[in-house]
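Structure, as C-alpha cells:
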Amino acid sequence: MSKHFDNAAAQWDQGDTRQNIAQCVFQTIVSRIALANTMNIMDFGAGTGLLSFKIAPMVHSVTGIDLSEKMLEQILAKNSDTLQVKVACQNIISEPLDEEFHGIVSSMAMHHVEDTASLFKTFYSHLKRDGFVALADLEAEDGSFHTHGNEGVYHFGFERDTLRDLMEKAGFVNVRFHHAYTVEKEAQSYPIFVVTANKNK
Ligand SMILES: C[S@@+](CC[C@H](N)C(=O)[O-])C[C@H]1O[C@@H](n2cnc3c(N)ncnc32)[C@H](O)[C@@H]1O
C-alpha cells in the first residue's frame, strides 16, 4: 500500500480537494483545541504534510508519521530555515516511537489502517497525560469515495458510534465529533468529521 502512496506522492498536492480538506480540518482543529508553542504534535499518516505545515507554526514541533518514504520526502523538501516538520517512516503500531506527544492529529489516514482498535491503543500510549487527539476521516460511505479503487482502503469511512466505542475502550474521554468539510464529487456528498478526545491520565 505504501507503494500506491509512493507513486502518488509527487502529484499529491495538485488540485483543490486535498488542499480544501486540509484547510477545513485545520480550522476545525484550531477552533476546538488550544494549540500552544510548547506542544510536540504527531501527525499520523502525514503524507506530504498538508496538515502538518499548517499546525507547525503554532506549536513547538510536528512529527509526521507515514509508511510512504516518498510522501515523507515531500515534507523534507518543504522544510525551510524558518519552518520544519520532522518525519518518521515506521509502523507505530508494531514499532512504537520512544516519545510521548501533547497531541496527535491525523487527516484521512485512519481508513487505511485495518485494525482501528490497535491504532487507538497506540495513539493513547503515545500521548502525555491529558494529551489530545484530533482525527479527521470520512463519515461512513458506500465505497465510492476512492475513484481509483479501494486497494489499501480498509474502511469505507466510519460510523461515529463505532469509533466512539473503540476510542472509549482505548481509554479516551471527552469523545466529540465535529463536521469539518464535505467533498462533493460525481453527484455525491462525502462528509468529513474531526473527532476530538483526551487521554484520561
Ligand atoms: C489519504 S493519505 C492522507 C495524507 C495526508 N494526511 C493528507 O491529508 O493529505 C493517507 C496517508 O496515510 C499513510 N498511511 C497509511 N497507513 C499508515 C500507517 N499504518 N502508518 C502510517 N501512515 C500510514 C499513507 O502512506 C498516506 O500517506
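See the values below:
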quantity	calculated
Placed amide H near Gly103: partners under 5 Å, 5+ positions off or other chain	Asn40, Met42, Phe132
Under the Karplus curve 6.51 cos²θ - 1.76 cosθ + 1.60, θ = phi - 60°, whole-Hz ³J(HN,Hα) for the stretch 152-157, x wherever Gly or Pro sits	x, 9, 9, 9, 7, x
Residue with peak Gaussian network fluctuation, the chain [Cα springs, cutoff 10 Å], from Thr82, Thr116, Thr28	Thr82
nm² value of the averaged projected area, convex hull over the Cα atoms of the stretch 4-50	4.0
Within a Gaussian network of the chain (alpha carbon springs, distance under 10 Å), most fluctuating of His111, His148, His179	His148
Reference-scaled alpha-carbon Rg (2.2 N^0.38 Å with N residues) for the chain	0.95
P(r) histogram, all alpha-carbon pairs of the stretch 95-173 included - 5 Å bins from 0, percent	3, 14, 24, 25, 16, 10, 5, 2, 0
Amide H contacts of Val87 (H built 1.01 Å from N, under 5 Å, at least 5 apart or other chain)	Gly64
Considering only the chain, percent of DSSP beta bridges that pair antiparallel, nearest 5	45
Per-residue HN-Hα couplings for the stretch 194-201 [Karplus 6.51, -1.76, 1.60; θ = phi - 60°; Hz; x = Gly/Pro]	10, 9, 10, 6, 10, 6, 8, 7
Residue of Ala22, Ala117, Ala36 that the Gaussian network model of the chain assigns the largest fluctuation, springs spanning Cα pairs under 10 Å	Ala36
For the stretch 181-190, 3J(HN,Hα) per residue [Karplus equation, 6.51 cos²θ - 1.76 cosθ + 1.60, θ = phi - 60°, Hz, x = Gly/Pro]	6, 10, 7, 10, 8, 6, 6, 10, 10, 10
Pairs of alpha carbons in the stretch 27-109 whose separation is greater than 21 Å (percent)	22
Theoretical FRET efficiency, 1/(1+(r/R0)^6), r = Cβ-Cβ of Gln90 and Ala8, R0 22 Å, to 0.05	0.65
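Computed from the coordinates by the stated procedures, all read-outs in this text should not be read as laboratory data. Given the structure is predicted, the values throughout are model-derived calculations rather than measurements. So basically every Cβ, Gly included, is an ideal-geometry build from the backbone, and we count neighbours across all protein chains shown.
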